[in-house]
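Asks: What follows is a structure written as structure tokens; I'll ask about it next.
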Amino acid sequence: MSRRFTVRLTDRFIKDLKILPRKEQGKVLQLLKQLETNPLEPSSRVKKLKSKGVGRWRLRTGNYRVRYDVFKQDVVLYRVRHRKDIYKD
């Protein structure tokens, strides 16, 4: 049986999500379900980042990226932005 993780959204993540086009919002929300079951499995969409700062992991959806961290059974989502902007923070 697979472990279940709790996905927690920061205020900044919610603010970022509201700015995205509706179509992209839907895609991001669908992918968040993946994080409930396996947020650390490297795949074509999930990657561990080498950079410092918030969000040591990233989830890719089209031209948008979600940055997050995993603490025990909690997945904390920090940002969702366009790929050209997400790594500037």
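Asks: Would you mind checking the radius of gyration and Dmax of the chain based on alpha-carbon positions, in Å?
Replies: 12.1, 38
Asks: For the pair residue 44 and residue 15, how long in nm is the line joining their label points, each one 7 Å along Cα→Cβ?
Replies: A separation of 3.4 nm, rounded to one decimal place.
Asks: With springs only between Cα atoms under 10 Å, which of 29, 59, 17 fluctuates most in a Gaussian network model of the chain?
Replies: Top of the fluctuation ranking is 29.
Asks: For the chain, take the longest principal axis of its alpha carbons; what is the angle in degrees between that and the long axis of helix 22-37, to the nearest 10 within 0 to 90?
Replies: Tilt of helix 22-37: around 20 degrees.
Asks: Relative contact order for the stretch 1-81: what percent, with Cα pairs under 8 Å and sequence separation of 6 or more? Intermediate values should be presented prior to the final figure.
Replies: Values: 127 pairs, mean separation 29.5, N = 81.
Worked out over the stretch 1-81, it gives 36 percent.
Asks: Averaged per residue, what accessible surface does the stretch 9-80 expose to a 1.4 Å probe, in Å²?
Replies: For the stretch 9-80, the solvent-accessible area averages 60 Å² per residue.
Asks: Give me, ordered by chain and number, the residues 5 or more places off residue 78 or on other chains with an amide H under 5 Å from its own placed amide H.
Replies: 67, 68, 69
Asks: Express the carbon and sulfur contribution to the solvent-accessible surface of the chain as a percent, rounded to the nearest whole number, probe 1.4 angstrom.
Replies: Details: 3060 of 5930 Å².
Heavy-atom surface of the chain belonging to carbon and sulfur, 1.4 Å probe: 52 percent.
Asks: Another question, then. Identify which of 53, 62, 26 has the largest mean-square fluctuation in a Gaussian network model of the chain, with springs joining Cα atoms closer than 10 Å.
Replies: Among 53, 62, 26, the largest mean-square fluctuation in the Gaussian network model of the chain belongs to 53.
Asks: Percentage of Cα-Cα pair distances in the stretch 14-55 greater than 15 Å, rounded to whole percent? Don't skip to the end; give the middle numbers.
Replies: Numbers: 485 of 861 pairs.
The answer is 56 percent, as a whole percent.
Asks: Grab the DSSP H runs of the chain that are 4 residues or longer, score each as -39,500 (n - 2.57), total them, divide by all residues and round the 222 nm result to the nearest 500 deg cm²/dmol.
Replies: Helices in the chain give a 222 nm mean residue ellipticity of -9000 deg cm²/dmol.
Asks: Let me ask you something else. Along the Cα-to-Cβ line of residue 3, 7 Å from the Cα, sits a label point; which residues in the stretch 41-57 have backbone N less than 15 Å from it?
Replies: Answer for the stretch 41-57: 41-42.
Asks: Quick one: among 72, 33, 47, which has the greatest mean-square fluctuation in a GNM of the chain with alpha-carbon springs under 10 angstrom?
Replies: Result for the chain, Cα springs under 10 Å: 72 fluctuates most.
Asks: I've got another one for you. Just report the Cα centroid separation between the stretch 3-23 and the stretch 33-78, whole Å.
Replies: 12
The values are calculated or read from the model by the stated rules, or taken from the named source; none is laboratory data. This structure is a prediction, so every number in the text was calculated from the model and none was measured. Every residue, glycine as well, gets a Cβ built from its backbone with ideal geometry; the counts of neighbours run over all protein chains shown. SASA here: full protein model, heavy atoms, side chains in, ligands and nucleic acids out. Shrake-Rupley method; radii C 1.70, N 1.55, O 1.52, S 1.80 Å.
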